[in-house]
Structures are given as C-alpha cells and as structure tokens.
Amino acid sequence: MSAPYAKLPAWADYGLIPLINLTVAFIVAGLVVLLVGENPLRAAVILVDGALGRGQAIAYTLYYATSFIFTGLAVAVAFHCSLFNIGGEGQAYVGGLGVALACLAFDRVFPWWLTFPIAIAGAAVFGAAWALIPAYLQARRGSHIVITTIMFNFIAASLMVYLLVNVLKPPTLQAPSTRTFLEGGQLPKLNFMIEAMGLSVRSSPFNVSFLLALLAAFLVWVLIWRTRLGYEIRTRGHSPKAARYAGIGEARIIIVTMLISGALAGMMALNPVMGDQNRLQIDFVTGAGFVGIAVALMGRSHPAGIVPAAILFGMLYQGGAELAFEMPGISRDMIVIIQGLVILFAGALEHMFRPSLQTLFATVRPASVGAKAERAGGV
Amino acid sequence: MAHAAIELKGIDKSFGSVHANRNISLTIPAGTIHGIIGENGAGKSTLMSILYGFYQADRGEIFVKGERAAILSSSDAIARGIGMVHQHFMLVHNFTVLENVILGAEGEPLLKTSIAKARSELNRLERDYGLEVDPDAIIEDLPVGLQQRVEILKALYRGAEILILDEPTGVLTPAEADHLFRILLQLKKEGKTIVLITHKLREIMAVTDNVSVMRQGALVATRKTAETTVEELAELMVGRRVLLRVEKSPVSAGDVLLSVRNLTVRDSRGVTMVDGVSFDVRAGEIVGIAGVAGNGQTELLETITGIREAASGSVFLAGRPVAVTGGADPADLRERGMAHVPEDRHHMGLVLPFEENENAILGYHRQKKYLKGPFLDIDAIRQDAREKIEKYDIRPADCRLKTANFSGGNQQKIVLSREMEQDPDVLIVGQPTRGVDVGAIEFIHRRLVEMRDKGKAVLLVSVELDEIRSLSDRILVMFSGRIVGERGPDATEGELGLLMAGVEGKEAAA
C-alpha cells in the first residue's frame, strides 16, 4: 500500500543523473569509435576542441544551440500538458515562411530592429497556425497528436517546396529559394560577445536571436510556473481527470498549449533564416525540430535544463562536423550515431540508473533521501 | 505444542529515513486466524511484504513452521506454503477461472494436461472448503466476491498452508463479507493458518483468534480477540482515545438546496449507469447514499458536479437548474456554491506531483485573491495554504511539500480544507474516508457534521456502511443505477445490506 521508497535530493536528480547518463552514452559511443578502428580518446578531444576550442567554434556551437533552445522549449511546453508535439520540424519550417514574408516586405523600408518584431510575430503566427490543425483534431476529434504532427511535417515539406519553386523564387535564381534579404532583413551577429572574452571569431552565424531564445526560455518558465494558464496546463498534463474536476476545459487547454508550442517552434526559423542565410531555403530546419525532443527530454522540460541541453547538442553538431572532417574513419553518419546514443541514454533510458542510485543514497546517506527532500518542480 | 506457523524475530526495515518496521517479533500459532490492524502507514503491508518476499528485512529472522526461512522472493514464500490474496486482485480479466488458477504454475508447454489436473484439484478444493466457482467462467463476468474466491483458490492450488489476506472486505457487500468469513473459518477448521490485515475493527472481532496492533512501524500489542474490545483496539491503534460514534444533534432540515429529478446517465459504451434517480437534499441535513461500489454512485456524483454529461433528467441547485445534459461547467457550479470532495482523491481531487499549496487552489484558481492579473499570486496562495494546514492540522505542515508525500488521511484533509473553506451551500462528498486512518476519520466526520449544523446540504456517498449509518440523517440505497430504498439513520445493517444486494429491488424510490 503505502510503501515509501527512497527519493533523491534535487542536485542528484537534476545534476548527477544526467551526468551519469551522458557519461555512459559517451562510453558506448567510444566503443563504436573503437569498432571502426579509430582512437576514441582522440575523437573525444577533437569533438570537444571542435565545439569549444576556439572563438569561432564557440560561436557555431551557440548558433546551433539557439535553434535547439526554441524547439526544445516548444516540445517542453507541450509535454507539460502531456502532449507529444513531434511536429516541431514542420512548424519551424512553416515559421520560416512567416519570417521570410516579413523580411521580404519590410527589408527595404525598415532597419533590422523594426523588421525583427514583425518577423518574430510572423514566425510565431505561422508556426502556431501549423500546430492548430493537429491541436484541433486532438481536442475535438481525439486524433492522436503524435500521428497528426508527424504527417504535418511531411505536408509542410511539400508545401514549402511548392511555394519556393513556384511562388517565392525570383525568376533569375537557379536554386529554390527567395531572394537575399537586404540589410533591413538581416539580424546583427553577436561575435563581439565572444570577442569580448578575448577570443577571435572570423565569421560566424551566431546572431541576436540567441538572446531572444534566452528570453523565450525565461518567459516559458514564467508561463508554466507563474501564470494561471501554466497552472491549468500542468494540471491537465498530470491528470486530465483533475482538470475536468477543476473546470479546466480540455479542448481549450490543448489548443492553447499547442499554439504556444507551435509558435516557439516557428520562432526557431528566425535563427537560420534571418540570422544566417538571409533568405528562405529548402530544408533549412535540418532536423532541429527532432533534436528539440531530445533537448526537452534531457532538460526535463524545464527551461533551466533545456538551455544547457541545447548547448550540449550544439556542441555535438559543431564538434561532430569537425570530427567528421578530421578523422577519415568517422563519417557524418557516425556523428548521428553518437547523437542517437545521447538521446537514447539521456532520453529514453533516463531512469535506468535511478533505482540503483536511490539504493546507493539510501545506504550511504539515509537522511538525504527522506520525504522532506522532495519538492515539486516549482523552484 | 507444535511449531508456530510463523514466527518473526526482530524484523526491522527502513526505506531511506522512513522506519517502516521497528524490531517486530510476532508468533502466529498454526491453525488460527490472526488479525493485524493498524492505521495506514503503520507498517502492516510492509511486514506482510517481507513475509511474502517482496522486500527483505534489514534485520531479523523469519521462521516458518519452526524452520528458519530466507524468503527472497514470492516463489520462496509459495514454496514454504505461504499464499497471499492481494487487496487489488491479480487476475487476468479475459481468462477463465481455470486459466487464472494455473497461471504461473502451468508446469508444461501444453495446457491440456495441466488444465485437466487443475480441474480435478479445483473440484477437491471446492468439496473440502465450500469454495464453489464455475471453473470455466470468465473472470470479468464474475462478481467481485467470486473473483476474490478465485484468488483464494489460486493460493490453495499452490499448496498454501498459510494464507495472508490484505484488506479482503473492502470491495464486498456485507453478505459477501459474511460468506468470506465462513470460508475462512472452514479453512481454519481444515488446519490452515490465516493472517487477516484490515482496518475494520468489526471484522477483527468477528473472525480472529488473536489480534496484533501496529502503530508507527512498531507492534504495540497482541491480544486474544475474546479478551479485548473494539474501544481498546482503536485506542491502541491511534495511541489515544477515539470517538467511534459521531455525536450529532437532531436534524433540523430547511429548504431544498439540491434537487435531482429522473437523472439518467450512460457511460461511453452506452450502458445505463444511473437510471431515473430522483432525490432532494435540504439545508442542514446529511443524505447518505449507500451501495456496493460500482452501482452508479460514481456516475451520479460526477453528473451532479458537472464533470459528466447526463442522458436525461434535471438537477437544481438552490432552485436554479444545472445544465447536466450538456454545458454544465464545474467551475461555474463552484461559483454557485457547490463544493465537491471527489471519490478519486488521487486522480481527480488532487494532482499528486503538485506542491501542497498548488493543490489547495485546484478548481478555485480563478479567484481574484489567488491571482495578480494573469499571474499566480504565489505569496497569497502559500499564505492561504498555510492557514488551511494549521486549521485542519495537516501534517507535515509544509505547504511546499509534494502532495504525493502526504499520507492518505492528510491528502484527504487537503481536499476537505479546500472545499469546506470556500463556505459552500451544498457539499458533495464521495468516499471521504477511503484509505484514511482512524484518527483522521474521526476528524473528517466531525467536520462533515459541523457543515450540516451550519445549515449546509451534504450529500454523502460511501461504501462504508458504518459511515453512512453514523453520519446520515436519511439513507438512500443505490443498486444497479437505481435508488432502491430510503431508510432512516436507525436502519439495521442487515436491512441495508439486503437492499444493497438488490434483494428488495422492487421497492419504489422515495
């Protein structure tokens, strides 16, 4: 009945367990590297050095991390309502359309800081709109959101190809993309922030949308833990029955949550489209929507966990590219394997080491695992 | 004298900082029925789980029939002749009785021979112990009482000499419980040893030979049942004197505050769960709805409170209609003065992963005093929670503790404090003391009577007949979705039991 079991202190729960999971992931990844006949230690050094070794590398890592913060937050907000939004990829893609339209319309007349808010709104509105139909189908028809959001990823891909090829592409261009935005549609770079730390950056895509991502992380925290809406989202997420009991309309809360989630995913597009490439291209999302799932899992759906998890995946992206370049035996696919292992151990097998760790804590420091140590998420 | 069936010596078990069993020594003589009582969290289940091999004790020894036994898993326990009937049955619902009985003891890859063996063995068990069940019936077609019998048969089939029953009567009608007790006495006559875990003192008095009382992980007393009283056992359990019967002034009912007319509710499969129910609840009275669980009480409560839609019928709250057939909003009903303590505390009344203070506003989180614009007013919410914790003596007194970490009784107090402190006119209460310890039961009952004395209309649904009888001013009995009778508070248990079993089902509703 009321069998009490050991609980972990917060620092072990949020710090030690992810660390153990990561270590195991890297050990297994090391074995894979060994299998293809390369030195895993050297690979690790190249990977870390490639991600953090120089100012240039750090800038790239943070550029990737910016995208993952947005998509990670998108997945996390939906998680809090116990919705699994795996349509971040498609929502970000369509969000890019909103960014591009804003830039194409205003880059001639406005400076970037006036175009930026319009582009943010465009990204959010287009991303949210792409989440609206799956949300509506889940709320009113009970169609499972996992299925519908996946399908919407494919629809988004086809739609964007059509629009880019047939509508948005200037006749003079050979590639399916929009024209390049003028200065009024280009976000300034943040390289000076890294240079301020005494590191040199030649050129990098690291831009202002990183700051927007951090702001979004803070606002998501406020939303989830400090607003009435967040309270209702969490209630529905933990217990649909309790939500019904409390008079929280299920359909409404599902739709609102998915709109917020879709808007966050859409805002990811600001980073590559307005911050780096300065035009809308085919496939600019490159998997960031899916990485967001891993980031949200690893960050325990908490912004304070999502930001470091996003930076970690940014390191894997950037360092992995360097690794594939430096080590002939390691291809781009090997990097995907390493990323996959991190997702496997940090996400899917998140609780694998928990029972043994609990036993360990219960034996070594019984006082630290008492019921009093455990508090709900709030912080 | 022969060896004791079970002897426990110095059993000690901790989970982290929780000392669940403290140095427990206990002897259970062979061929007796031994009761173990104690509040929730007193350590009864832990002790039995150690005996059945789910947990290992940190210290101490177990002797089975005089032999020292290392019980590391339930298969060790079964090999030593210990069988357990769990509170929540471990049966496969779409299997037959026979298939369930041989489950895990099939013996060989082809079922044919083991089924045949089991059939003859089952016949023998039936003959010897009066445990009749159709071996080819599908479990989900059987009433709960018979399902429990299958659990007992499963244990006996595995050669159990010692049978542990964990809260066996929670789901039974009084008649089914009586039948169970007759079976237990028969088993005892055949030389089996029975350990009965319960929190119902009456059952202890009815069937046991000896009774051990646990409190806060320790075994505080073992008595011969014939030499003790209900009052003494209750006092031992709680550690202080307990009022078992609620003191109540005579009823002075006022206006009708809640009125239910011809209410019919169907579940998602279209099965009629509530069938043309009508009744009134007046200000200043407690109306109790008795009945075995699953006879439509849950659906009735959820419909009145706007959680579930009715197929037809109407409900009036203080004379104004409630849109029960569509569009009723629990939030709106709360504003109109209806509070609801739901049956399902764990999934409906509380969000267990929330902090206590977050649960203290569930359903009332739209009120201005808890908000600053769209933001939660965290200080006001926590202050409010602290006041309720103090007023209702909720322990531990920490409004930031995760709700799952409170005991059942304290969780229920969190729900009660939230609903009662809103000063509602109508209070709907489902199973207020399920899984709640004796000390808290007394507290909860006093509060409910206080609400009634303040002129509130209270509708109480409970499967605990004692609770219904001691609190209600009028008793309605529900069977198969209908109200099959109304009785006064002085109705005998036998009379209500017959109604609950549908025996006088033809009687018209009040």
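Extending 7 Å from Cα along the Cβ direction at B:E108 and again at B:E309 yields two label points whose distance is 5.6 nm.
Note that region A:125-139 has calculated 3J(HN,Hα) couplings of 5, 5, x, 5, 4, 6, 8, 5, 5, x, 4, 4, 5, 5, 5 Hz, one per residue in order, obtained from phi through the Karplus relation 6.51 cos²θ - 1.76 cosθ + 1.60 (θ = phi - 60°); glycine and proline are x.
Can you list residues from other chains, or at least 5 along the same chain, whose modelled amide H is less than 5 Å from the amide H of B:K456? Residues meeting the amide H criterion: B:G284. Projecting the Cα positions of A:N21, A:F70, A:P176 onto the charge dipole of the protein assembly as shown (unit charges on Cβ atoms of Lys, Arg, Asp and Glu, taken about the Cα centre) puts A:P176 furthest along the positive direction.
Distance between the C-alpha centres of region A:252-284 and region B:282-325: 47 Å, rounded to the whole angstrom.
Computed from phi, the 3J(HN,Hα) profile of region B:374-381 under the Karplus parametrisation 6.51, -1.76, 1.60 (θ = phi - 60°) reads x, 8, 6, 8, 4, 4, 5, 5 Hz, with x in place of Gly and Pro.
Grab the other residues whose beta carbon is less than 15 angstrom from that of A:G230, score K and R as +1, D and E as -1, and report the net. Its environment carries a net charge of +3. What number, rounded to the nearest 500 deg cm²/dmol, is the helix-based mean residue ellipticity at 222 nm of chain B, given -39500 (n - 2.57) per DSSP H run of at least four residues and division by all its residues? The helix contribution divided over chain B gives -9500 deg cm²/dmol.
Note down the net charge around B:L263, summing +1 for each Lys or Arg and -1 for each Asp or Glu among other residues with Cβ under 12 Å from its Cβ. Result for the neighbourhood of B:L263: 0.
Each Cα pair under 8 Å and six or more residues apart adds its separation to the average, and for chain B the resulting relative contact order is 14 percent. Placing a label point 7 Å from the Cα of B:V256 along the Cα-to-Cβ direction, the residues of region B:272-304 whose backbone N falls under 11 Å of that point are B:278-282. Distances between placed amide hydrogens fall under 5 Å for B:I11 paired with B:I24, B:S25, B:E61, all partners being 5 or more residues away or on another chain.
If you wrap the Cα atoms of the protein assembly as shown in a convex hull and average its projected area over all directions, you get 43.8 nm².
With a/c under 1.5 counting as rounded, go ahead and sort chain A into rounded, prolate or oblate using the C-alpha gyration tensor (a ≥ b ≥ c being the square roots of the eigenvalues; past the cut-off, prolate if a/b is larger than b/c, else oblate).
oblate
The mean number of Cβ atoms from other chains found within 10 Å of a Cβ in peptide A:231-244 is 6, as a whole number. Legend: mean number of C-beta atoms from other chains within 10 angstrom of residue C-beta atoms, peptide B:345-357, equals 5. Charged neighbours of B:P424, selected by a Cβ distance under 12 Å, balance to 0 (K, R count +1; D, E count -1).
Here the Kirkwood formula puts the hydrodynamic radius of region A:134-192 at 14.6 Å, using every distinct Cα pair.
What does the average come to when, for each residue of peptide B:360-368, you count the partner chain Cβ atoms lying within 10 Å of its Cβ?
Shielding by partners across B:360-368 averages 4.
Axis angle, to the nearest 10 degrees, between helix B:438-453 and the longest C-alpha principal axis of chain B: 20 degrees.
Please report the antiparallel percentage of the DSSP beta bridges confined to chain B, to the nearest 5. Percent antiparallel among DSSP bridges in chain B is about 55. Applying 1/(1 + (r/R0)^6) with r as the Cβ-Cβ distance of A:I27 and A:L215 and R0 = 35 angstrom yields a FRET efficiency of 0.45. Sorted from greatest to least, the principal axis extents spanned by the alpha carbons of region B:6-238 come out as 50, 37, 30 Å. Remark: the B:H3-B:N123 segment gains 40.2 nm on full extension, using 0.36 nm per residue and subtracting the alpha carbon distance. Per the Kirkwood formula applied to alpha carbons, region B:221-345 shows a radius of gyration over Rh ratio, Rg over Rh, of 1.14.
In order along region B:186-193, phi translates into HN-Hα couplings of 4, 4, 4, 4, 7, x, 6, 9 Hz, rounded to whole numbers, per the Karplus curve 6.51 cos²θ - 1.76 cosθ + 1.60 with θ = phi - 60° and x for Gly and Pro. Dividing the mean sequence gap of close Cα pairs (under 8 Å, 6+ apart) by how many residues region B:6-238 holds gives a relative contact order of 29 percent. Spacing of the modelled spin labels on A:E195 and B:E390, each 7 Å from Cα toward Cβ, amounts to 6.0 nm.
For B:R320 and B:K454, the FRET efficiency from 1/(1 + (r/R0)^6), where r spans their Cβ atoms and R0 equals 22 Å, is about 0.55. Evaluated with a Cβ-only charge set (Lys, Arg +1; Asp, Glu -1), chain B carries a dipole of roughly 740 debye about its Cα centre, given to the nearest 20.
Could you work out [θ]222 nm for chain A from helices alone, using -39500 (n - 2.57) per DSSP H run of at least four and dividing by all its residues? Round to the nearest 500 deg cm²/dmol.
Numbers: 15 runs with 236 residues, N = 379.
Rounded to the nearest 500, it is -20500 deg cm²/dmol.
Taking a ≥ b ≥ c as the square roots of the Cα gyration tensor eigenvalues, with a/c under 1.5 meaning rounded and otherwise prolate when a/b beats b/c, else oblate, which class fits region A:168-275?
Values: a/c = 4.61, a/b = 1.80, b/c = 2.56.
Note, shape of region A:168-275 comes out oblate.
In terms of its alpha-carbon gyration tensor, region A:256-327 comes out oblate; a/c meets the 1.5 threshold, while b/c is at least as large as a/b. According to the calculation over all Cα-Cα pairs in region B:352-418, the P(r) per 10 Å bin from zero is 23, 57, 19, 1 %. Here's the picture: charge each Lys and Arg Cβ at +1 and each Asp and Glu Cβ at -1 in region B:6-238, and of B:L187, B:I24, B:L98 the one pushed furthest to the positive end of that dipole is B:I24. Across A:A304, A:A196, A:A263, mean-square fluctuation computed from a Gaussian network of chain A (C-alpha pairs under 10 Å connected) peaks at A:A196.
With r as the distance between the Cβ atoms of A:T172 and B:E421 and R0 = 45 Å, compute the FRET efficiency 1/(1 + (r/R0)^6) and round to 0.05. Approximately 0.05, to the nearest 0.05.
Every number here is computed from the coordinates shown, using simple stated rules; none is lab data. Bear in mind that the values here come from a model prediction, so they are computed numbers and not experimental data. We place every Cβ from the backbone using ideal geometry, glycine too, and count neighbours over all the protein chains shown.
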